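J.: Take this structure, written in structure tokens, and hold onto it; I'll ask about it next.
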């Protein structure tokens, strides 16, 4: 794990995102790419409707540009303050610097599209899950990171505390390709954990031996994992999974995202949708 991408928009959770990214980077001597995406107001011109003169549209665009610049300056100032406090060095590009380094990227466009593009060349993307009052773009950017990058995504809870260290890690394992991607994305973090727990909830799609097979695989990497196989009972699988993660005092849950389609998950209340909504701890996910 050498490069992390963290979108910073200057909102209340930006400090937790930055500090979480720096903490993971410090354990891996990695680089953090901080990304601020300012919306291009010209993209909204076709939506402004009829009845507006050219001067009115130009004035609206100029006002939006000014506001975007103000937000970008505030976001960068906040990030630079955190980086200085964390002892992180700013660099222009790859070089010989040791320790944690960072670069600030300020671009215009749609955040979800920029995250999807830049996330494909990151080892981990650090984001916050959208809360109740979050903008629609937050959700779009998270799904773009999951569906369009092939990269692991560390999704912090809404209004998060920084993930300064993951010492008790639970893995939701069902043997699917998304779960496999999530485990591979988490290997560096798993290797530094104090405890690793493989959680396997009985279902029609999960073979009873799946959890043991993963534990054996991790042993080849000198990672010792406890196996927990359990039935959901009358609970939804997602609720049973979160309950078991809480029982082992996990501070991070590693799991695959959206084994079924996103639409089906949303309509039927799939495991991924419920966990994203209800989990109180950070999630390391991959699709």
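J.: Among the candidates 284, 214, which residue alone is touching a helix residue (DSSP H, G or I) at 6+ places or on another chain (Cβ under 6 Å) and modelled with pLDDT of 95 or more? First the steps, then the outcome.
T.: Details: 214 fails: touching a helix residue (DSSP H, G or I) at 6+ places or on another chain (Cβ under 6 Å).
Step by step, each of 284, 214 is checked, and only 284 is touching a helix residue (DSSP H, G or I) at 6+ places or on another chain (Cβ under 6 Å) and modelled with pLDDT of 95 or more.
J.: Going through the stretch 153-173 one residue at a time, which ones are in contact with a strand residue (DSSP E or B) (Cβ under 9 Å, 6 or more places away or on another chain) and either assigned to a helix (DSSP H, G or I) or surrounded by fewer than 23 Cβ atoms within 10 Å (Cβ to Cβ) (or both)? Outline the logic, then answer.
T.: Taking the stretch 153-173 as the starting set, the residues that turn out to be in contact with a strand residue (DSSP E or B) (Cβ under 9 Å, 6 or more places away or on another chain) are 153-160, 162-163, 166-173.
Those that are in contact with a strand residue (DSSP E or B) (Cβ under 9 Å, 6 or more places away or on another chain) and either assigned to a helix (DSSP H, G or I) or surrounded by fewer than 23 Cβ atoms within 10 Å (Cβ to Cβ) (or both): 156, 157, 158, 159, 160, 162, 167, 168.
J.: Next up: Could you tell me whether residue 182 is buried (at least 23 other Cβ atoms within 10 Å of the Cβ) and in contact (Cβ under 8 Å) with a residue 12 or more places away in the chain? Spell out the reasoning first.
T.: Working: buried (at least 23 other Cβ atoms within 10 Å of the Cβ): yes; in contact (Cβ under 8 Å) with a residue 12 or more places away in the chain: yes.
The answer is yes for residue 182.
J.: Here is a further query. Name the single residue, out of those in the stretch 217-232 being outside any helix (DSSP H, G or I) and loosely packed, with under 13 Cβ neighbours inside 10 Å, that is modelled with the lowest pLDDT. Spell out how you get there, then give the answer.
T.: The initial filter retains those residues of the stretch 217-232 that are outside any helix (DSSP H, G or I), namely 220-232.
Cutting the leftovers down to loosely packed, with under 13 Cβ neighbours inside 10 Å gives us 220-222, 224, 231.
Values: 220: 97, 221: 96, 222: 97, 224: 97, 231: 89.
The qualifying residue modelled with the lowest pLDDT is 231.
J.: Another question, then. Looking only at the stretch 112-145, how many residues end up being farther than 18 Å from residue 257 by Cα, modelled with pLDDT under 95 and assigned to a helix (DSSP H, G or I)?
T.: 2
J.: Here's something else I'd like to know. Across the stretch 259-281, which residue is modelled with the highest pLDDT among those that are farther than 27 Å from residue 23 by Cβ and assigned to a loop (DSSP other than H, G, I, E, B)?
T.: Filtering the stretch 259-281 for residues that are farther than 27 Å from residue 23 by Cβ and assigned to a loop (DSSP other than H, G, I, E, B), the one modelled with the highest pLDDT comes out as 270.
J.: Go through the stretch 22-51 and report how many residues are under 21 Å from residue 137 (Cα atoms) and either assigned to a helix (DSSP H, G or I) or at pLDDT 95 or above (or both). Show your work before the answer.
T.: First, pick out the residues of the stretch 22-51 that are under 21 Å from residue 137 (Cα atoms): 33-48.
So of that shortlist, the ones also either assigned to a helix (DSSP H, G or I) or at pLDDT 95 or above (or both) come out as 33-37, 41-47.
Going through the stretch 22-51 one residue at a time, the tally reaches 12.
J.: A further question follows. Looking at the structure I just gave you, is residue 242 over 23 Å from residue 156 (Cα atoms) and buried (at least 16 other Cβ atoms within 10 Å of the Cβ)?
T.: no
J.: OK, next. Looking at the stretch 176-206, which of its residues are modelled with pLDDT under 95, in contact with a strand residue (DSSP E or B) (Cβ under 9 Å, 6 or more places away or on another chain) and in a loop (DSSP other than H, G, I, E, B)?
T.: Within the stretch 176-206, 176, 202 meet the criteria.
J.: Let me ask something else. Which of the residues that make up the stretch 234-258 are modelled with pLDDT of 95 or more and part of a loop (DSSP other than H, G, I, E, B)?
T.: Result: 248, 249, 250, 251.
J.: Under 9 Å between Cβ atoms, at least 6 apart or on separate chains: pull out the pairs that start in the stretch 208-227 with a residue that is not assigned by TED's automatic domain parsing to the domain that holds residue 255 and end on any residue that is exposed (fewer than 13 other Cβ atoms within 10 Å of the Cβ) and modelled with pLDDT under 95.
T.: From the stretch 208-227, no pairs qualify.
J.: Under 30 Å from residue 10 (Cα atoms) and surrounded by fewer than 15 Cβ atoms within 10 Å (Cβ to Cβ): does that describe residue 150? Reasoning before the result, please.
T.: On the way: under 30 Å from residue 10 (Cα atoms): yes; surrounded by fewer than 15 Cβ atoms within 10 Å (Cβ to Cβ): yes.
Here the answer is yes, as residue 150 does meet what is asked.
The values are calculated or read from the model by the stated rules, or taken from the named source; none is laboratory data. Given the structure is predicted, the values throughout are model-derived calculations rather than measurements. Here Cβ is always computed from backbone atoms with ideal geometry, including for glycine, and neighbour counts include all displayed protein chains.
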